[in-house]
Protein chains: 4
Amino acid sequence: MAGSKYAYVRNFELPDPLLPGTFLVFRLDGHSFHRFSTEHQFTKPNDVQALMLMDHAARDVMEEYKDIVLAFGESDEYSFLLRKSTSLYNRRESKICSTLTSYFTSCYVFHWKEYFPDSPLLYPPSFDGRIVLYPSSREIRDYFSWRQADTHINNLYNTIFWALVQQGGKTTTDAHAALRGTVSSQKHEMLFKSFGVNYNEIDARFRKGSILVRDIEDEPAPPELPEPTPASSTAGDQSISESTSAAEASHKPLKQKKNKAQPKAKTKINLLHCDIIKDEFWDARPHLLE
Amino acid sequence: MAGSKYAYVRNFELPDPLLPGTFLVFRLDGHSFHRFSTEHQFTKPNDVQALMLMDHAARDVMEEYKDIVLAFGESDEYSFLLRKSTSLYNRRESKICSTLTSYFTSCYVFHWKEYFPDSPLLYPPSFDGRIVLYPSSREIRDYFSWRQADTHINNLYNTIFWALVQQGGKTTTDAHAALRGTVSSQKHEMLFKSFGVNYNEIDARFRKGSILVRDIEDEPAPPELPEPTPASSTAGDQSISESTSAAEASHKPLKQKKNKAQPKAKTKINLLHCDIIKDEFWDARPHLLE
Amino acid sequence: MAGSKYAYVRNFELPDPLLPGTFLVFRLDGHSFHRFSTEHQFTKPNDVQALMLMDHAARDVMEEYKDIVLAFGESDEYSFLLRKSTSLYNRRESKICSTLTSYFTSCYVFHWKEYFPDSPLLYPPSFDGRIVLYPSSREIRDYFSWRQADTHINNLYNTIFWALVQQGGKTTTDAHAALRGTVSSQKHEMLFKSFGVNYNEIDARFRKGSILVRDIEDEPAPPELPEPTPASSTAGDQSISESTSAAEASHKPLKQKKNKAQPKAKTKINLLHCDIIKDEFWDARPHLLE
Amino acid sequence: MAGSKYAYVRNFELPDPLLPGTFLVFRLDGHSFHRFSTEHQFTKPNDVQALMLMDHAARDVMEEYKDIVLAFGESDEYSFLLRKSTSLYNRRESKICSTLTSYFTSCYVFHWKEYFPDSPLLYPPSFDGRIVLYPSSREIRDYFSWRQADTHINNLYNTIFWALVQQGGKTTTDAHAALRGTVSSQKHEMLFKSFGVNYNEIDARFRKGSILVRDIEDEPAPPELPEPTPASSTAGDQSISESTSAAEASHKPLKQKKNKAQPKAKTKINLLHCDIIKDEFWDARPHLLE
């Protein structure tokens, strides 16, 4: 066989299996998205279209990889939870990490024009990915709490910051200075007093991030989250369930026959913008942490 | 700080530095490209447009990451050589592997319409990536020989296989059967006798794959590769140097200030379809293996 | 600083932290102990002195490393369970693995003469060690069940095998042949019919292996294991608690101040030869898997 | 098979192969040897017997593991170089690291009484080990230069420090204070002026450390190191070749049939206390870095 005298170089490819029996969290982040969002003139502090595109790409990834049971997105990052029993690609780290990053990126670019029909992509964006292992459900709960708390902190800051700049006429330097050292309650107050904005009435997507959860359809529907009372602090916790779009349905790519685990329980991916720090969300979905 | 009680989950992110002083080979492969090429009706055995799109994406990656000095592509795979002194992303494996895979994927989707203006992308393609470390230049030479020998073997097989099917009217089953057990010289002969094709006159891109090499411009030009004599077996070894396209030049994304190593030596990325198994290519470019 | 121009070589020492929040099992095995036991004329099938020496070395390791809460030994191997919260040596794999192996080896050689006063060590024995991570208590239970089941299988086989050889006058080849394909119940029967031995009356040390467990003294004593009824199958389950020997007490080496976790709860290392597959052992010691 | 339902726990043992084609340096260090040397009343600044015991254990390791071609020891540490082609234990990191550490420890304890007949071991000493990979011979040269430079720095400091204490009657605190900020030449001068000691006439073992090198016997003997001129700075560079002691020869343990690489070239392990920073040592032994 020609080439066989060179084939020894394959021996340098070392195995990289992930420890069995652990939850996998795959997180990706936009690469240089500060510049990317500026060049593509994303609305500040939040660009709904850009966030919906992130959600779309994340949903595509979940449609493709059935072992992902939950995802959480904010800004230019997304975290995915793979069930601890997953044997996706024999749990090879590089394979999983690179493939998921690649597919998300591909979906992002592919769907761009649906969300920005008048603003063509100026150059190819990229993301970096990593996998973190967690041994127990406690850490998974805390991981997602960490991300959602981060969303809250960032969004509160950005909301008041951009109000100061866009409506208050401050320079960005002055706006940062005005916020230095302020605690959460002060920011709420500034926002309300200066700009008449009740932070808790802001779109839950911005305050809570995006949750994509694989719910089991055959089971009785998960208990409703608390009915939002107007102007209450839970205003954003409405469950915004979106069915698979027609566009997505038309091209189911890359079927993973082997990883279609349980063919019996029909599942459905729901998009929510609710609290995932408290127990409610998780109590309603015991299968997520099984 | 809100969220700080959850921040301990970061401790589960373990370091993954690659051994210093080793060459990095980053290889990516199309994910399920058999189906992808069928659905997008790629020409068999080789689709020039598809290969040029691969080359374009690979060149973009090299423009962006200056520590890549060489790349070799065939079919739906591409290998990249990073200099052994590279400190890209502090040599963190997941970061490098996922980012390069992501950027290549993004470029591939981004440029698709330039190469397939009449065949829109039906769904988002993806790639998987991996990094392999090699301690010495000997192994790097052998790695690239391994890939080019593979190109040769596959292309010779595919060329005669598709001739049997497309021109010979054989079924794919019969074509495989006809080729079973044949050696290289027999395939050459079948090709010539049955279809009047001299394998060595076939486009060098198909026979040799694509080589993207970062050449040093200020230095005297690398010694010319042997002048191809007509219809000789080296017919494909012409150096097809392509300058950066205007389209690419207009949007240099994601500048890597830190990784711009030596600002003095101007370099240029050349696309070749020449032999990289023999010494000639390497002797002319000692900087590649430094 | 002289030498500083060489100090860069330290950068090649890569970090090797073990995933937090997981149980560590450290297992060591005698290296070439088949030959070692032959040359030192160990009694077959079990040499009590050799086993007690193993237990002694294992106990020394537990005295030294307070994060080890349990150990199980059979033949020339020993497994140690480190609590999942351990931060011993910052969970660096090589450091933990090599140090524990080294200390066990050192204790084994150091105490040799106490167990073999008339048979000096002919050459230095060695052991190899490895660390395996387990995410949950279920797997820890199964790990120790696996080792104890292995002890049972091996000991039953060896007991009848050596009876055939030593008392039955068979060659080792014939003895192996006689046992080929026999199941457990047949071995019990052969042993009883041919040699009048009730397997269940054999020393529990041989049948169950050695369990070293760090029990909490201040707490009410762990519920007694079932009272052994004479000649019953649980005859070996007596709790053989051994206090620290005077010899050991005289030289407490290498105190690990930092790893002395909770100074309040006094603990005591007990040596048992009881069942650890069923729930009883574990139910009585919930602290082991916390 | 009993136990088979537990055997899945083996799947948690992950592979840990070391990159092929790289040099392996295995380094071990005494664990808490400050205390160990105090309790066993080692002579300060250097205890010849203790150093010779280290050398003996290191030589045993080299006798046992033929792929070790070089070792360097100082104080309570020893570094071993394994040839880059070694396939010892299939290059499994934990296996190699733990076994070598274990065997060294075992030899150290085993031979203790030969070096300290009147000072019995008070408790079992231990060592930790680690493996570092180096891609090229340049880094190996620099690694050993780093260790020998370290030996020089430490020994010069310790020599003058203990002279100040033992002969100068200073407290250790005062001695440290007297040396603070002094450079090498000042230390030489203090030593000569205050105590009449020419540092370069001190035993080369202390100044240069111990080099154990596997020399090829069949080849013409390695070129002689420069003849030491009396009282010159190279006084310590004499080659002290020690043949295998009778004691060692009587019990060749643990034969590694598989790792006995080339049976033709007879080799001999020589103990030297010479310079290994300059080229001479290496030029005479090209096989070390092949």
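By a 1.4 Å probe calculation restricted to protein chains, A:VAL48 has an accessible surface near 60 Å², given to the nearest 10. Accessible area buried by the pairing of B and A, both sides summed with a 1.4 Å probe, works out to roughly 4900 Å². Rounded to the nearest 10 square angstrom, C:HIS152 shows an accessible area of 60 square angstrom against a 1.4 Å probe. Counting only protein heavy atoms and using a 1.4 Å probe, the accessible area of C:SER194 comes to about 80 Å².
Sorted from closest to farthest, the other copies place their A:GLU201 label points 8.0, 8.9, 9.5 nm away, with each point set 7 Å from Cα along Cα→Cβ. Of all chain D residues, the one whose Cβ lies closest to the rotation axis that maps D onto B, given with that distance rounded to whole Å, is D:PRO135, 2.
Amide H contacts of D:VAL197: D:PHE192, each under 5 Å away and 5 or more positions distant or on a separate chain (H built 1.01 Å from N in the peptide plane; Pro and chain starts excluded). Applied to region D:51-59, the Karplus parametrisation 6.51 cos²θ - 1.76 cosθ + 1.60 on θ = phi - 60° returns per-residue 3J(HN,Hα) values of 5, 5, 5, 4, 4, 5, 4, 5, 5 Hz, with x for Gly and Pro. The aspartates and glutamates whose alpha-carbon is closer than 20 Å to the alpha-carbon of B:LYS170, local same-chain residues fewer than 8 away aside, are B:GLU189.
If you sort D:HIS287, C:HIS111, B:HIS176 by accessible surface, 1.4 Å probe, largest first, the order is B:HIS176, D:HIS287, C:HIS111. Take the Cα of C:LYS268, step 7 Å toward its Cβ, do the same at B:ASN200, and the gap between the two points is 8.9 nm.
Ranking of C:ASP128, A:ASP118 by solvent-accessible surface, largest first: A:ASP118, C:ASP128 (1.4 Å probe, protein heavy atoms only, all chains present).
Here each label is just a point 7 Å from Cα along the line to Cβ, and for B:GLN49 and B:ILE216 those points are 4.1 nm apart.
When A:GLU39, A:GLU201, A:GLU77 are compared by accessible area at a 1.4 angstrom probe, the order from most to least is A:GLU201, A:GLU39, A:GLU77.
The values are calculated or read from the model by the stated rules, or taken from the named source; none is laboratory data. The shown structure was predicted, so the numbers you read here are calculated from the model rather than taken from an experiment. A quick note on method: Cβ atoms are made from the backbone with ideal geometry, for glycine too, and the neighbour counts reach across all protein chains shown. Just so you know, the surface numbers come from the protein's heavy atoms only, side chains and all, with ligands and any DNA or RNA stripped out. Shrake-Rupley method; radii C 1.70, N 1.55, O 1.52, S 1.80 Å.
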